[in-house]
Each structure stands twice: as C-alpha cells, then as structure tokens.
Amino acid sequence: MNRFDFTPYRRTMVGFDRLFDLLENQSRFNSGDNYPPFNIERRGDEAYRITLAVAGFKPADIEITAQQNLLVVQGKKADEASGAQFLHVGIAQRGFERRFELADYVRVDDANLEDGLLTIDLVREVPEAMKPKKISVGTQKSLSVVPDADSESAAA
C-alpha cells in the first residue's frame, strides 16, 4: 500500500487543502499504468518541457487538451487492417491517457512530435498584478485640521 495519510497535516495547516488533494489524486491516478514513459525537464526559471515516448503514433493520433491547471495528453491509435499475422508484439500499439497537474499561470507554449518523441513546452506567466512588489516605507506626514463646511458657513 503506497498511500500516505495527510490527516495530521490537514488538521494543523490551513489553506493547503488543494495541495493535499493534488498529492492524493496523483497517487490514485498514476498507481498502475506507466505507459507511455515521460520526462519533465526544467528549461529555465519559468520554462518547462514534458517529453513523452510515443513511438508509432502520428500527430493525428494524439490529442492535447489544456484546461485550468490540467494538461491531458491522449493517444488513440487508428486500427489498421493490414492483415499481417504477428508472431510477437513488443511495440505498444494501445491508446493512452496521461494527466499532468499544472501550477497556476502555466500555459502550453508549443507541442511537437519528432522521432517518436512528443515534446510539450510549458511557460509560466505570472500576471503583473500577481508579481511581488516592493513597497517603500515613507515618513508620516504632519496632520492638519481641515475646517468643517458647517463651521465655515456659520462664520460667514
């Protein structure tokens, strides 16, 4: 059993529910099938690349769907009626579905299939409003009394 119990952490850590849910779901979804094999590579501070080994698949056989915080890669091999009688089948011809949880503000930049490797380039673009800002601390300005509108009309 490869399940890790996050209950003690959930009781003491406020606001991390999404993180614990992601960890639990990831172990549930990827517990069995490891096909196709893949690499995740960091290519810079804000750039990543996922490479999947999809030998035998054509670009028309692969569907990539990017949703909010989720990237789904599906491969559906078209049935070819070649009439060949195989004595041994060692090259995987089955369909697949791979799911990748993406961090906030990560988007798919490009996808290419070359030499049996599907590469998906990802870029993290944090909006300007969400980036950390340096706030300068100034001195307190002196306060002055502003005359009230009613007191001005009474004095006149």
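We did not get these values from a lab; they are worked out from the coordinates using the rules stated. From a predicted model like this one, the values you see are computed outputs, not experimental measurements. In this analysis, Cβ positions are derived from the backbone assuming ideal geometry, glycine residues included, and neighbour counts consider all displayed protein chains.
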What ranking do Tyr35, Tyr9 get, fewest neighbouring Cβ atoms within 10 angstrom at the top?
-> Tyr9, Tyr35
Amide N of segment 107-129 lying under 16 Å from the label point, which is placed 7 angstrom from the Cα of Arg42 along Cα→Cβ = 122-125
If the cut-off is 24 Å between C-alpha atoms, which lysines fall inside it for Lys58, apart from same-chain ones fewer than 8 positions away?
-> Lys76, Lys77
Given H placed on each backbone N at 1.01 Å, which residues far from Tyr35 in sequence or on other chains put an amide H within less than 5 Å of it?
-> none
Work out from phi, with θ = phi - 60° and the Karplus expression 6.51 cos²θ - 1.76 cosθ + 1.60, the ³J(HN,Hα) of each residue of segment 46-60, listed in order in whole Hz, and give x for Gly and Pro.
-> 10, 10, 9, 9, 9, 10, 10, 8, 10, 4, x, 8, 9, x, 6
Extending each Cα 7 Å along its Cβ direction at Gln74 and Asp148, get the distance between those two points in nm, one decimal.
-> 7.1
